[in-house]
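All remarks here apply to the structure that follows.
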Amino acid sequence: MEEWKDKIMNSLDGMEKAQPPKDRLQKIQAAIAQQHHISVSPKGLSWMAVAAVILLVICSNVMVVTHYFDQTSNISAFETYVPLTANFNIYE
């Protein structure tokens, strides 16, 4: 009954590790050397930076203008407020 366990445990005896072909490393290095690398020129990066700054300035200006008009509308609402009492002298 214990034979099947021993048979399974000993089934890997005599096996060797898999070995890659001897010239595989040279083939991989040659394939890497033949690849075309896409490089981004610094001129393109500078244009992208300029565009990002312009976009940031425009967005911040829009935010400031909308915030300004929102505040002026709130101020005009408080100017129409009618107080319930005009006499704040509470000791008379």
(request) Can you list which of the trypsin sites (Lys or Arg not before Pro) found in segment 1-49 are DSSP loop residues with at most 16 other C-beta atoms within 10 Å? (result) Lys17, Lys22
(message) What are the ³J(HN,Hα) couplings of segment 17-25, residue after residue, when phi is run through the Karplus curve with 6.51, -1.76, 1.60 and θ = phi - 60°? Round to Hz, x for glycine and proline.
(response) 5, 6, 10, x, x, 5, 9, 5, 4
(request) Give the order of His67, His36 when sorted by the count of other beta carbons within 10 angstrom, beginning with the fewest. (result) His36, His67
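Computed from the coordinates by the stated procedures, all read-outs in this text should not be read as laboratory data. From a predicted model like this one, the values you see are computed outputs, not experimental measurements. Ideal geometry is used to build each Cβ from the backbone, glycine not excepted, and the neighbour counts take in all protein chains shown.
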